[in-house]
Amino acid sequence: MKKNKGFIKGALCGALAVLLVAGLVSCGSRLHKASAGKEEVVDSETEQKLEMLQQLIDGSYLGDVDEDALQSGIYKGYINGLADPYSVYYDKEETEQLLETTSGEYSGIGAVLSQNRETGIITILQVYDDSPAQKAGIKDDDILYKVEGEEVTGVDLTEVVSNIKGEEGTEVKMTVLRGDANDEVEVTAVRGKVEAQTVKYEMKDGDVGYIRVSEFDSVTYDQYKAAIEDLESQGMKGLIVDLRNNPGGNLATVCDMLDLMLPEGLIVYTEDKDGNRSEETSDEEHQFKLPMTVLVNGNSASASEIYAGAIQDYGLGEIIGTQTYGKGVVQQLVDLQDGTCLKLTVSQYYTPKGRSINGVGIEPDEIVEYEENKEDPNAEADNQLDKALEVIKGNM
């Protein structure tokens with residue numbers, strides 16, 4: 001049992017070192033307090049219980065044992081104990097795939113996923129044009145049920161995405177639920193190189209620019225800036241930015257995008273647990289001065305809410321749609337120096353006027369519930385977009 005005992009102590013010390021950088025952590029028979037007045041996180045009783053569990057596994061467990069997986073499980077369980085849906089420990093493989101995701105360029109299937117915070121259900125919000133997902137027959141609004149035969153409802157979304165991505169040319173088998181009847185459809189997609197198509201744009205009614213932003217990745221700023229410039233060259237007289245079903249993404253990216261829109265001033269600020277404030281600001285070089293509206297809904301979260309909140313606070317455009325998701329906390333990725341990382345909630349963000357939207361969301365200036373075309377549900381009808389166009393036209 002010496003080897004197992006050393007493994008357990010190493011795992012515990014590793015977990016503590018992640019969070020208790022300023023504290024004293026010992027790998028002796030007892031782990032010291034991280035700071036005065038706080039309970040010991042791990043004591044000898046906890047070590048003994050883990051050793052007991054290890055003995056039971058060694059003596060009775062029927063299946064094969066992956067020691068690395070057990071160690072990773074301790075770290076994951078430790079962070080899960082925070083009961084924070086946004087704080088996650090990532091092992092080496094998950095870390096590599098996570099960093100790939102945030103860059104906007106990866107080997108995968110080319111689809112945007114969103115997870116309901118309460119039910120854990122994962123929905124496919126957008127399938128990229130000419131992507132492996134589209135070629136496999138996956139459609140917008142499909143519910144992702146299984147990946148490689150394993151149910152994914154309630155599983156951390158980043159973990160699910162990591163399992164879908166993989167080496168170019170390899171296959172991934174998925175089961176989706178489709179339509180009101182939740183018909184099961186099995187699909188097989190061949191992974192390929194994908195650059196996230198985070199921005200789509202076109203001219204509506206001849207002179208109103210329309211930009212749909214599906215997520216905020218590293219590639220999004222350049223795509224957004226190019227869309228603005230192209231629409232301006234076509235004679236755009238007003239702009240609609242569609243952030244419906246946009247789950248958020250990179251804070252730096254949305255701030256760079258807002259710098260193209262806002263006058264000189266505050267974009268967003270964050271405060272950590274000690275009240276330390278960090279500000280992101282825009283300069284005076286760029287400011288969008290045409291009439292604009294921003295479309296949002298209950299799946300517009302995080303960076304989408306930063307964007308909508310800033311536009312609303314500066315009075316640069318009307319927010320139209322339904323109440324946003326209400327994710328007003330910021331996560332920091334911490335490199336743990338061994339190929340793994342921790343995503344940890346470290347601060348809360350506030351709009352330029354000091355509004356905290358965590359758990360509340362952004363309330364639209366004009367609430368418009370989405371209504372399907374009852375005569376033809378498959379027809380291209382969008383009453384929220386129609387309202388945004390009406391508002392733009394009235395301000396032109």
Anything in the stretch 330-369 that is β-branched (Val, Ile, Thr) and either in contact with a helix residue (DSSP H, G or I) (Cβ under 6 Å, 6 or more places away or on another chain) or open to solvent by less than 20 Å² (accessible area, probe 1.4 Å) (or both)? List them, or say none. Thr340, Thr351, Ile357, Ile362, Val368
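Here is a yes/no grid of residues against (1) of a type in the set (Val, Ile, Thr); (2) open to solvent by less than 50 Å² (accessible area, probe 1.4 Å); (3) touching a Phe, Trp or Tyr at 6+ places or on another chain (Cβ under 6 Å):
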position	(1), (2), (3)
Gly59	no, no, no
Leu62	no, no, no
Val65	yes, no, no
Leu99	no, no, no
Ala111	no, yes, no
Thr123	yes, yes, no
Gln126	no, yes, no
Lys135	no, no, no
Ile143	yes, yes, no
Name the pairs whose Cβ atoms lie under 8 Å apart, with the first residue in the stretch 44-73 and in a helix (DSSP H, G or I), the second among the acidic types (Asp, Glu) and open to solvent by less than 60 Å² (accessible area, probe 1.4 Å), and 6 or more positions between them or separate chains? Ser72/Asp91
Qualifying residues in the stretch 289-305 (those that are more than 24 Å from Thr270 (Cβ to Cβ) and of a type outside the set (Ser, Thr, Tyr)) - the one surrounded by the most Cβ atoms within 10 Å (Cβ to Cβ): Leu295
Could you look through the stretch 297-342, keep only residues that are within 16 Å of the chain's Cα centre (by Cα) and β-branched (Val, Ile, Thr), and pick out the one that is nearest to Gly238 (Cα to Cα)? Ile306
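How many of the residues in the stretch 251-288 are in a loop (DSSP other than H, G, I, E, B) and surrounded by 20 or more Cβ atoms within 10 Å (Cβ to Cβ)?
Filtering the stretch 251-288 for residues in a loop (DSSP other than H, G, I, E, B) gives 260-264, 273-276, 283-288.
Subsequent filtering for residues that are surrounded by 20 or more Cβ atoms within 10 Å (Cβ to Cβ) retains 261-262.
Here the count works out to 2.
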Counting just the residues of the stretch 374-396 that are at pLDDT below 90 and open to solvent by 50 Å² or more (accessible area, probe 1.4 Å), which one comes out nearest to Gly321 (Cα to Cα)? Glu380
Could you figure out which of (1) open to solvent by less than 60 Å² (accessible area, probe 1.4 Å); (2) at pLDDT 90 or above; (3) in contact with an Asp or Glu (Cβ under 9 Å, 6 or more places away or on another chain) isn't true of Lys92? (1)
Out of the residues in the stretch 235-249 that are assigned to a loop (DSSP other than H, G, I, E, B) and open to solvent by 10 Å² or more (accessible area, probe 1.4 Å), which is farthest from Val294 (Cα to Cα)? Gly235
Taking the stretch 191-234 and keeping only residues that are open to solvent by 50 Å² or more (accessible area, probe 1.4 Å), in a strand (DSSP E or B) and farther than 17 Å from Ser103 by Cα, one is left with Lys200, Tyr201, Glu202, Arg212
Output the number of the condition that Ser87 fails; it satisfies all remaining conditions of (1) under 27 Å from Thr170 (Cα atoms); (2) in contact (Cβ under 8 Å) with a residue 60 or more places away in the chain. (1)
If you go through the stretch 145-154, how many residues are among the hydroxyl-bearing types (Ser, Thr, Tyr) and either open to solvent by less than 30 Å² (accessible area, probe 1.4 Å) or over 17 Å from the mean Cα position of the chain (by Cα) (or both)? 1
Answer yes or no: is there a residue in the stretch 83-93 that is assigned to a helix (DSSP H, G or I) and hydroxyl-bearing (Ser, Thr, Tyr). no
Kindly indicate whether any position in the stretch 347-356 is part of a loop (DSSP other than H, G, I, E, B), at pLDDT 95 or above and charged (D, E, K, R). yes
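The values are calculated or read from the model by the stated rules, or taken from the named source; none is laboratory data. The structure presented is a predicted model; accordingly, all values stated were derived computationally and were not measured. Reconstructed Cβ throughout: ideal geometry from the backbone, glycine too, with neighbour counts over all protein chains shown. Accessible surface is based on the protein model in full, side chains and every heavy atom, while ligands, DNA and RNA are left aside. Shrake-Rupley method; radii C 1.70, N 1.55, O 1.52, S 1.80 Å.
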